[in-house]
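**Q** Before I ask anything, here is the structure I am working with.
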Amino acid sequence: MVPELIQDDFTPARVAEETVRFLTDRDVYARTRDGLRSVREKLGGPGASGRAAEAVLAVARRTRVP
């Protein structure tokens, strides 16, 4: 959905470039907005991180290590 600017790619110039692209390119804006909306819908309401943690713990409890 959005560029991952990490390590050497995270520069003021790249952040500015991506910000301007987001603010001036209607297609980029729309794709980003729609993608983030989809993520929000999949995560559900408030408490998504807690639900995710519970799901991970449930799987961990069912998994036996020999």
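The values are calculated or read from the model by the stated rules, or taken from the named source; none is laboratory data. Since the structure is predicted, the reported quantities are computational estimates derived from the model, not experimental observations. Using ideal geometry, Cβ is built from the backbone for each residue, glycine included, and neighbour counts are taken over all protein chains shown. Surface areas here come from the heavy atoms of the whole protein model, side chains and all, with no ligands, DNA or RNA. Shrake-Rupley method; radii C 1.70, N 1.55, O 1.52, S 1.80 Å.
**Q** Can you give the FRET efficiency to the nearest 0.05 for R33 and A60, using r as the Cβ-Cβ distance and R₀ = 35 Å?
**A** So, using R0 = 35 Å, E works out to roughly 0.50.
**Q** List the pair-distance distribution P(r) of the chain, using every Cα-Cα distance, as the percent of pairs falling in each 5 Å bin from 0 up to the bin containing the longest distance, rounded to whole percents.
**A** Histogramming the chain at 5 Å steps yields 3, 14, 14, 13, 14, 13, 12, 8, 5, 3, 1, 0 percent.
**Q** Taking all protein chains in place and a 1.4 Å probe, what share, in percent, of the accessible surface of the chain do carbon and sulfur account for?
**A** Heavy-atom surface of the chain belonging to carbon and sulfur, 1.4 Å probe: 59 percent.
**Q** Using the Cβ atoms and a cut-off under 15 Å, what net charge is assigned to the surroundings of E4, where Lys and Arg are +1 and Asp and Glu are -1?
**A** It works out to a net charge of -2.
**Q** Note down the accessible area of L23, probe 1.4 Å, to the nearest 10 Å².
**A** Surface open to solvent at L23 totals about 130 Å².
**Q** With a 1.4 Å probe and every protein chain left in place, work out the accessible area per residue of the chain in Å², rounded to a whole number.
**A** 90
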